[in-house]
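**Student:** The structure follows.
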Amino acid sequence: IAPDLTECNARGLVYMPVVWPGFSWRNLNGGAVNQIPRRGGRFYWRQVYNAIAAGALCVYGAMFDEVDEGTAMFKLAPTAAELPAPGTFVPLNIDGEALPSDWYLRLAGEAGKMLRGETTLTSTRPINP
């Protein structure tokens, strides 16, 4: 992030690092269901922290609605029992932590506060489910 920020700043551009909650290849190519684990929001939060600590003024949350890729951030099924059928999707508790359906919306709200300087920069997830 730091080299990209330096380059963009030198050119008068705003750099927007991409952050995402996790990833699943399952519905795209038959790969792993939980290839990049969400870890209860800790994976997402570490990316947000790294971007802000490096000096980023904004971040891009990818991909807000990509349920098939396991990157969705909008309200999600907390457990496998609540997933739609047919299909193989990533429930919020896949990594062993019970989370509310709007968990990533809450984390995004906290990320916004941290970006605006309304809360202290922290490398640990600032809220708990």
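**Student:** Calculate what fraction, in whole %, of the accessible area of the chain sits on carbon and sulfur atoms when a 1.4 Å probe is rolled over the protein chains.
**Tutor:** 55
**Student:** Further, regarding this structure: Under the rule of -39500 (n - 2.57) per DSSP H run of 4 or more residues, summed and divided by the residues of the chain, what mean residue ellipticity at 222 nm is obtained, to the nearest 500 deg cm²/dmol?
**Tutor:** Calculated from helices alone, the mean residue ellipticity at 222 nm is -9000 deg cm²/dmol.
**Student:** In addition: Provide the per residue accessible area, probe 1.4 Å, for the chain, rounded to a whole number of square angstrom.
**Tutor:** Accessible surface, normalised per residue, equals 54 Å².
**Student:** When you count, for each residue, the other Cβ atoms within 10 Å and take the mean per peptide, how do 60-69, 17-26, 114-123 rank with the highest first?
**Tutor:** Descending mean neighbour count gives 17-26, 60-69, 114-123.
**Student:** Turning to a different aspect of this structure: If you average the alpha carbon positions of the range 103-129 and of the range 14-58, how far apart do those two centres end up, in angstrom?
**Tutor:** First find each Cα centre; the distance between them is then 15 Å.
**Student:** What does the charge add up to near LYS113, with Lys and Arg as +1, Asp and Glu as -1, over the other residues with Cβ less than 14 Å from its Cβ?
**Tutor:** +1
**Student:** If Lys and Arg each add +1 and Asp and Glu each add -1, what is the summed charge of the other residues whose beta carbon sits under 13 Å from the beta carbon of ASP102?
**Tutor:** Around ASP102, the charge tally is +1.
**Student:** Assigning unit charges at the beta carbon (Lys, Arg +1; Asp, Glu -1) and nothing else, what dipole magnitude in debye, to the nearest 20, does the chain show about its Cα centre?
**Tutor:** 300
The values are calculated or read from the model by the stated rules, or taken from the named source; none is laboratory data. Everything numeric here is computed off the predicted structure, so don't read it as measured data. Heads up, the Cβs are rebuilt from the backbone with ideal geometry, glycines too, and the neighbour counts pull from every protein chain shown. The accessibility values were calculated without ligands, DNA or RNA, using every heavy atom of the protein model including side chains. Shrake-Rupley method; radii C 1.70, N 1.55, O 1.52, S 1.80 Å.
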